[in-house]
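Any read-out appearing in this document is the output of simple, stated calculations on the displayed coordinates, not a laboratory observation. Keep in mind that this is a model prediction, so the values were computed, not measured. Because the Cβ atoms are built from the backbone with ideal geometry, glycine has one as well, and the counts that use them run over all protein chains shown.
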């Protein structure tokens, strides 16, 4: 899109989403929906309740495409999942925290330190996401008592989900960092921002 800055002068404005970001949203949104609709999960959460793999697509889409793309992917994941749209705000908390700090983590030169910080960032984002689910199940839906939730979630389920959210994205971050480079900007960043430094 072009807008006139002064007579005879045109200023190129960058669209909010690039072609790369749109492609990421479509691809990972489709994968997330397919996994939910086909119920591709890991058993062992609760009787009749499995660990879903949406955290992989949440993390990768946010790393590669930024907060808007991550929000779109988790919206699709939510509406096609068992919980429904009521789960979207919880996922969105994770997306925003991850997007806020991931570019800085990506720029860390030392691979062990970069992966350690990425693990810490994933753990913190998941921790804050978890409080949405605890509040939802304990005080809104009233399915599981609050104290029982704390024991179940942070004593067991949180750590399984941390592996799900972290493992595959971390492997890509370590082996093909250019693939997960944060070449995106926040919506209010109007000016062209430099691309993240390429990692060897």
(message) Exactly one of these conditions fails for residue 43: (1) free of Cβ contacts under 8 Å to residues at least 40 places away in the same chain; (2) touching a helix residue (DSSP H, G or I) at 6+ places or on another chain (Cβ under 8 Å); (3) outside any loop (DSSP other than H, G, I, E, B); (4) surrounded by fewer than 21 Cβ atoms within 10 Å (Cβ to Cβ). Give me its number.
(response) (2)
(request) Taking only region 168-188 into account, find how many residues are part of a helix (DSSP H, G or I) and either under 23 Å from residue 132 (Cα atoms) or in contact (Cβ under 8 Å) with a residue 12 or more places away in the chain (or both). (result) 10
(message) Residue under question is residue 31, and the condition is that it be touching a residue at least 12 places away in the same chain (Cβ under 8 Å) and either touching a helix residue (DSSP H, G or I) at 6+ places or on another chain (Cβ under 9 Å) or outside any helix (DSSP H, G or I) (or both); does it hold?
(response) yes
(request) Can you work out which of the residues in region 154-167 that are touching a residue at least 60 places away in the same chain (Cβ under 8 Å) and under 14 Å from the mean Cα position of the chain (by Cα) is surrounded by the most Cβ atoms within 10 Å (Cβ to Cβ)? (result) 165
